[in-house]
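Notes follow the structure.
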Amino acid sequence: MSNRRNFLAGGALSAFAALSHGEAMAELAAPARPVSAADWDNLLGPAELASFDAPLGVHMPDVAKMPHTMDGDVKVFRLIAEVCQRTFLPGWRFDVWGYNGQMPGPTIEVNQGDRVRVVFENRLPEITSMHWHGLEVPIAMDGVPGVTQDPIEPGGSFVYEFELHQHGTFFYHSHMAMQEMMGMVGMFIIHPQTEHQPRVDKDFAILLQEWAVLPDNSVPNSLAMEFNWLTLNGRSGPHTTPLIARLGDRVRLRFVNLGMDHHPMHLHGHTWVTTGTEGGRIPEAAWTPGNTELVGVAQARDVEFVANNPGDWMLHCHLPHHMMNHMASMVGPIAAAGHGQRTGGDMAPGMGVAEGAAISDDNGPSMGRAIGLGAMRDRLVGNRGMQENAGHDAPADAGQGALAVPGFPQDHFMVMDQMVAKPETFGMRPTWSGGVMGMMTIVRVLEPDLYDRVQQLRADAAAAKSASNGGSR
C-alpha cells in the first residue's frame, strides 16, 4: 500500500539514481547545506550510535554495528548464530550463516580498558563456538570446542566475559572450520585509550571473503578449493559501497581476511603506509610505504594515507581471478590431450584434483581445479552467467573474426549503474559499474562541494529509510 513513508523512502533513494553524470554535476552549483549532527545521527542509525562512543567511529560499509547495553561498568552484547541470506549482487542472493541475522556479523566497536560480556546463543542446526581472534583473553573464554569449553549445542548458550587491554583491528568467528567458510565472522575493533597520531579523519573496515557457488544453487560449497564469488563486506563489485573521503582527509583502511586465499589489496592513485597488524599498532619507525598490501589468511592489516588526489580510485584485490563475478571454468576454443580431468563433471573432479598430481602426465593438460562448468573438450565456451551454452556469440563490441581467435572471449564489460545506484555513487562517471567486479570497490576522494552533497544524500536516504520503518529513534 502506498503511503507517505513509502513515498519519502522511494523518492530519496531514486533521486540520485535518476540523475545523469552531467545533471549531477550541474546540481552541485545549487547551494548545499552542510551535514548537521542530526543528519549524522540518521545516517549512522541507532545500531551504530549505540557503540559510537570512541573518539572516532569505524565505518564498515554495508555492515551494521552491534548495539550494547550496560550492566554497571560492563558492556553487554548479544550475539546470535543463525542461518541468514545475503545479496552479493542484485539478483544473486545466497543462503549463508552469520550472526544477528546478517553476514558478515555486526561490528563490535569498543575501547581499550572496557570489560565486555557477550551473551551467545546458538540457533544453528549443529554445534558451534565463538573465538576472539587476536584477543588475549582467559583460556576459558578462548572459544575452542573440546579444548577450552564444551561445544555449544543447538539451542544452547554461553556467556563470554573478559577485559580488553589491547587495541587494534581484531575479529570474531566460529571455531568450526566449515562454518567460517559459510560466513561466520565479524569485526572486533578496539580503540586505544590515547588516540593514535597523526589522527585520521576517516576510518573504514573491510572484510575479505570468497565463495564457491554452482549455478542454480543458493548454498555455498564450503569444501571447495576454488572460488567464483569474491566479496568485500559481504558484497561483490559493483554492489560494494564506495568509501567516501573529503579531499585532504587522512584515511585509515582496516583489512581482515578470513578465507582460503591471500589477497594483495591495491589502491590506485595514492601511497599508503602500513601502520598495524592483528598484533596491534606498528611503531612509526617501522611503517612501510606502498600501494599494495598482502593480507594473508586470518590476518589483519591497517594502512593509512592522505587523500590528496581527487577522483574515484579503485581499491581491489590484484589477483586476476578475484576481479570477476560468477566465473566459469575457461573461455575460448579448447584443445585437450591425454587423460586429464575435464570440467563439466560432478563436484569431485570439478572442484579439485581427485587423485594424483595436477601436472602429471595422466592429469594434464587439464582444466585442473575449477568450478566444473562451462568448459568441455574441443568446443567454444564462455564466461557469461556460467550457462552451458553461453558465450558462443561474439558481443556487439567484438572485433571482426573474434570467434576465430584462440582464447576469445576473455573479458566482458557489463554496465549496471542503475541497479547498484546509491547515495555514495552520486556523480560518478556513466558506465563506472562495468569496471568494478568481484573483490573491488571505489575510494572516492571528493572536492568539498561534491563531498557535502554526497553526505547530504546519505543522510536524507537514511532518514527516509527510518521513516519507512516506522519512525526515527
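The values are calculated or read from the model by the stated rules, or taken from the named source; none is laboratory data. Only a predicted model underlies this, so the values are computations on that prediction, with no experimental measurement involved. Cβ: placed from backbone, ideal geometry, glycine included. Neighbour counts: every protein chain shown. Protein only, heavy atoms only, side chains kept; ligands, DNA and RNA dropped before computing areas. Shrake-Rupley method; radii C 1.70, N 1.55, O 1.52, S 1.80 Å.
Residues that are over 14 Å from Glu126 (Cβ atoms) and open to solvent by 10 Å² or more (accessible area, probe 1.4 Å) were ranked within the range 151-167; the one that is nearest to the chain's Cα centre (by Cα) is His167.
Looking for whichever is under 19 Å from the mean Cα position of the chain (by Cα), of a type in the set (A, V, I, L, M), closer than 23 Å to Ala177 by Cβ and open to solvent by 20 Å² or more (accessible area, probe 1.4 Å) here; the options are Val137, Val83. Which one fits?
Details: Val137 fails: under 19 Å from the mean Cα position of the chain (by Cα).
The unique qualifying residue is Val83.
Among the residues of the range 253-277, the one identified as free of Cβ contacts under 8 Å to residues at least 60 places away in the same chain, hydrophobic (A, V, I, L, M, F, W, C) and surrounded by fewer than 19 Cβ atoms within 10 Å (Cβ to Cβ) is Val273.
Taking each residue of the range 179-195 that is within 26 Å of Trp229 (Cβ to Cβ) and looking for partners that are aromatic (Phe, Trp, Tyr) and open to solvent by 10 Å² or more (accessible area, probe 1.4 Å) with beta-carbon atoms closer than 8 Å, six or more apart or interchain, yields Gln179/Trp97; Met182/Trp97; Gly183/Trp97; Met184/Trp97.
Return yes or no: is Leu56 in contact with a Phe, Trp or Tyr (Cβ under 9 Å, 6 or more places away or on another chain), open to solvent by less than 40 Å² (accessible area, probe 1.4 Å) and either modelled with pLDDT under 95 or not in a loop (DSSP other than H, G, I, E, B) (or both)? Spell out how you get there, then give the answer.
Working: in contact with a Phe, Trp or Tyr (Cβ under 9 Å, 6 or more places away or on another chain): no; open to solvent by less than 40 Å² (accessible area, probe 1.4 Å): yes; either modelled with pLDDT under 95 or not in a loop (DSSP other than H, G, I, E, B) (or both): yes.
Answer is no for this residue.
Filtering Gly234, Gly280, Gly248, Gly290 for residues that are open to solvent by less than 10 Å² (accessible area, probe 1.4 Å) and over 16 Å from the mean Cα position of the chain (by Cα) leaves a single hit, Gly280. For the range 410-426, the count of residues that are under 30 Å from Glu210 (Cα atoms), hydroxyl-bearing (Ser, Thr, Tyr), modelled with pLDDT of 90 or more and open to solvent by 40 Å² or more (accessible area, probe 1.4 Å) is zero.
The C-beta contact set for the range 149-173 (first residue farther than 25 Å from Pro192 by Cα and charged (D, E, K, R), second residue in a loop (DSSP other than H, G, I, E, B) and open to solvent by 20 Å² or more (accessible area, probe 1.4 Å), distance under 6 angstrom, 6+ apart or interchain) comprises Glu153/Ile127. Selection of the range 59-111 for residues being under 20 Å from Gly155 (Cβ atoms) and in contact with a Leu (Cβ under 6 Å, 6 or more places away or on another chain) yields Ala81, Tyr99. In the range 185-205, the residue that is nearest to Leu319 (Cα to Cα) out of those that are buried (at least 23 other Cβ atoms within 10 Å of the Cβ) and within 13 Å of the chain's Cα centre (by Cα) is Ala205.
Which residue is nearest to Leu164 (Cα to Cα), if the candidates are limited to the range 255-299 and must be β-branched (Val, Ile, Thr) and not in a strand (DSSP E or B)? Per the criteria, the residue is Ile282. Pairing each residue of the range 114-134 that is touching a residue at least 60 places away in the same chain (Cβ under 8 Å) with any residue that is assigned to a loop (DSSP other than H, G, I, E, B) and acidic (Asp, Glu), provided the two are 6+ apart or on different chains, yields C-beta distances under 6 Å for Gly134/Glu278.
Scan the range 200-210 and give yes if some residue there is on the phi > 0 side of the Ramachandran plot, outside any strand (DSSP E or B) and either modelled with pLDDT under 95 or not hydroxyl-bearing (Ser, Thr, Tyr) (or both), otherwise no.
Here is the first cut: in the range 200-210, the ones on the phi > 0 side of the Ramachandran plot are none.
Checked the range 200-210: no residue is on the phi > 0 side of the Ramachandran plot, outside any strand (DSSP E or B) and either modelled with pLDDT under 95 or not hydroxyl-bearing (Ser, Thr, Tyr) (or both).
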